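Written out below as structure tokens is the structure these notes cover.
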Amino acid sequence: MSPTDRTSLRHAQFGDTSRRIRLQTLVRLRWLAVAGQSVTILIVWQLLDFPLPLREAILLIAALAAANLVLSYRFASTHRLAPTAAFALLGFDLLQMAALLFITGGLSNPFAPLICVPVIISFASQPLVPSLALLVFAILCTTILAFTPYPVPWYADQTLAIEPVMQLGAWCAIASMMSFAAFYAYRVSHEATQLADALAATELVLEREKHLSQLDGLAAAAAHELGTPLATITLVAREMERDLGQNDRYSEDVALLRSQSERCRDILRRLTSLSTDDEEHMRLLPLSSLLEEVTAPHRQFGIDIQLVEDNGRQGEPVGNRNAGILYGLGNLIENAVDYAASSVTLTVRHDEEKVAVTIEDDGQGFAPDVLLRIGEPYMSSRPTSQDRAGGLGLGLFIAKTLLERSGATLRFSNRQPDGSGARVEIEWPRWRMEADRMTRPETG
């Protein structure tokens with residue numbers, strides 16, 4: 001996959017629909033908030049018998065419930081909110097919570113940290129810019145709560161005095177908790193979205209490789225289906241040639257029809273042979289042939305690609321053609337060619353237990369920060385010369401995922417102590433690479 005393809009795929013996946021929250025999800029969370037606020041007010045008023053502005057509190061809770069009813073009536077449950085709409089709804093929730101806290105003691109209220117909830121929801125489900133705006137709005141509301149004239153509900157004959165330093169401490173605690181939780185929720189959600197999209201892209205690539213390998217079977221099927229009508233056409237052409245062959249007016253046209261029908265039969269015969277005569281040859285692939293196939297497209301870019309076979313070709317594994325292995329190795333070799341200065345070396349080793357392929361280039365190698373994050377989707381590329389494009393991101397993630405699905409273990413490192421020259425080691429259990437041993441051998 002080229003860098004342009006990776007960029008286009010990434011933009012297609014991270015479009016406007018990739019982080020849209022379902023309206024029904026917000027509606028259910030709001031009903032939970034309505035129930036929780038109602039139960040809390042009821043306990044404080046009836047069970048604890050604390051004085052509080054009951055009418056104002058009921059009005060604020062009713063406003064949230066009414067907004068929920070309107071949304072449920074006007075929109076379908078499957079409706080997904082655009083970022084601006086989600087920002088408006090979460091901003092309304094934040095304002096309602098802040099108003100309820102304002103009339104019940106502000107930062108002195110033990111439920112004051114709940115003002116963080118809309119911000120965390122936004123960072124977990126929405127783009128970064130509106131989420132940051134909501135965070136600023138939440139911190140502003142938290143600041144206003146510190147100056148509320150309403151006391152926290154408490155025993156009627158007592159006054160619960162909160163020192164200013166405690167108010168400041170509560171503000172710092174809520175602001176820091178809100179910022180940390182929001183950042184954590186955003187990172188977890190963003191990485192999960194990237195991983196899901198990258199895995200989806202992996203499936204698409206694998207399906208494409210499988211479809212390409214199945215074209216010969218489709219061609220053979222088409223040839224089989226076309227065989228009967230073409231035989232009829234050939235038979236009719238022969239009859240016409242026998243009856244009209246001496247007629248100067250039609251003889252040339254009949255001869256042309258006969259020759260073209262024979263040509264069509266030859267073409268169909270060749271298509272049919274794709275899945276008969278050559279089927280076994282195309283299905284089974286020795287290790288050396290596999291490596292030649294994946295390196296051949298990259299030998300025309302001025303980079304010397306050397307294949308070193310430590311054990312020779314005698315006793316090499318012969319396995320089924322695997323689209324995932326072909327794509328994965330091809331992508332790793334493409335990256336090596338992109339970053340190499342002059343040469344790329346492929347070293348092959350195999351014995352009774354394992355099969356190993358090592359890909360090395362003489363480029364600048366992996367930077368330390370890249371080695372720590374190697375294989376993550378959409379990561380930054382390692383340094384390369386200006387005349388060669390390339391990047392380590394979605395393509396490398398797909399290659400790594402496909403190779404690991406085939407049973408391989410991958411290790412990334414640098415050849416030299418100074419960090420120059422990249423090395424990728426791929427190792428399979430031998431039984432995973434042989435067509436006649438595709439089930440795990442029994443161990444005694």
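The values are calculated or read from the model by the stated rules, or taken from the named source; none is laboratory data. Given the structure is predicted, the values throughout are model-derived calculations rather than measurements. Reconstructed Cβ throughout: ideal geometry from the backbone, glycine too, with neighbour counts over all protein chains shown. What goes into the accessible areas is simple: the full protein's heavy atoms, side chains included, and nothing from ligands, DNA or RNA. Shrake-Rupley method; radii C 1.70, N 1.55, O 1.52, S 1.80 Å.
Descriptive notes on the structure:
- If you check Ile162, Ile139 for being within 28 Å of Ile41 (Cβ to Cβ) and outside any loop (DSSP other than H, G, I, E, B), only one passes: Ile139.
Condition check ((1) outside any loop (DSSP other than H, G, I, E, B); (2) within 26 Å of Val136 (Cβ to Cβ); (3) open to solvent by 40 Å² or more (accessible area, probe 1.4 Å)) across all residues:
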site: Arg55; (1), (2), (3): yes, no, yes
site: Ile58; (1), (2), (3): yes, no, yes
site: Ala66; (1), (2), (3): yes, no, yes
site: Ser77; (1), (2), (3): no, no, yes
site: Ala86; (1), (2), (3): yes, yes, no
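- Some residue of segment 340-349 being of a type in the set (Ser, Thr, Tyr), over 28 Å from Trp431 (Cα atoms) and either surrounded by 15 or more Cβ atoms within 10 Å (Cβ to Cβ) or within 28 Å of the chain's Cα centre (by Cα) (or both): yes
- Test: residue in segment 89-109 that is farther than 30 Å from Ala161 by Cα and β-branched (Val, Ile, Thr): no
- Count - residues of segment 404-422 that are open to solvent by less than 70 Å² (accessible area, probe 1.4 Å), hydroxyl-bearing (Ser, Thr, Tyr) and under 28 Å from Asn322 (Cα atoms): 2
- A search for C-beta distances below 9 Å between a residue of segment 151-172 that is over 17 Å from Phe111 (Cα atoms) and any residue that is surrounded by 10 or more Cβ atoms within 10 Å (Cβ to Cβ) and aromatic (Phe, Trp, Tyr), counting only pairs 6+ apart in sequence or on different chains, returns Tyr155/Phe50; Ala156/Phe50.
- Residues of segment 307-316 that are open to solvent by less than 80 Å² (accessible area, probe 1.4 Å) and closer than 14 Å to Glu360 by Cβ: Leu307, Val308.
- In this structure, Leu218 qualifies as open to solvent by 70 Å² or more (accessible area, probe 1.4 Å), among the aliphatic types (A, V, I, L, M) and at pLDDT below 80.
- Against the criterion of being under 39 Å from the mean Cα position of the chain (by Cα) and modelled with pLDDT of 80 or more, Asp304 qualifies.
- Scope segment 97-129; condition open to solvent by less than 30 Å² (accessible area, probe 1.4 Å), over 15 Å from Thr148 (Cα atoms) and either β-branched (Val, Ile, Thr) or assigned to a helix (DSSP H, G or I) (or both); matching residues: Ile115, Cys116, Pro118, Val119, Ser122, Phe123, Ser125
- Failed item, numbered, when Leu23 is tested on (1) among the aliphatic types (A, V, I, L, M); (2) closer than 23 Å to Pro151 by Cα; (3) touching a residue at least 12 places away in the same chain (Cβ under 8 Å): (2)
- Residues that are at pLDDT 90 or above and of a type in the set (Val, Ile, Thr) were ranked within segment 130-173; the one that is nearest to His190 (Cα to Cα) is Val136.
- Looking only at segment 106-133, residues that are touching a Phe, Trp or Tyr at 6+ places or on another chain (Cβ under 6 Å) and without any contact (Cβ under 8 Å) to a residue 60 or more places away in the chain come to 2 in all.
- Given (1) in contact with a helix residue (DSSP H, G or I) (Cβ under 6 Å, 6 or more places away or on another chain); (2) modelled with pLDDT under 75, number of the condition Arg269 does not satisfy: (1)
- Top-ranked residue in segment 320-329 [being open to solvent by less than 10 Å² (accessible area, probe 1.4 Å) and out of contact with any Ser or Thr (no Cβ under 7 Å at 6 or more places or on another chain); ranked as farthest from Glu404 (Cα to Cα)]: Leu329
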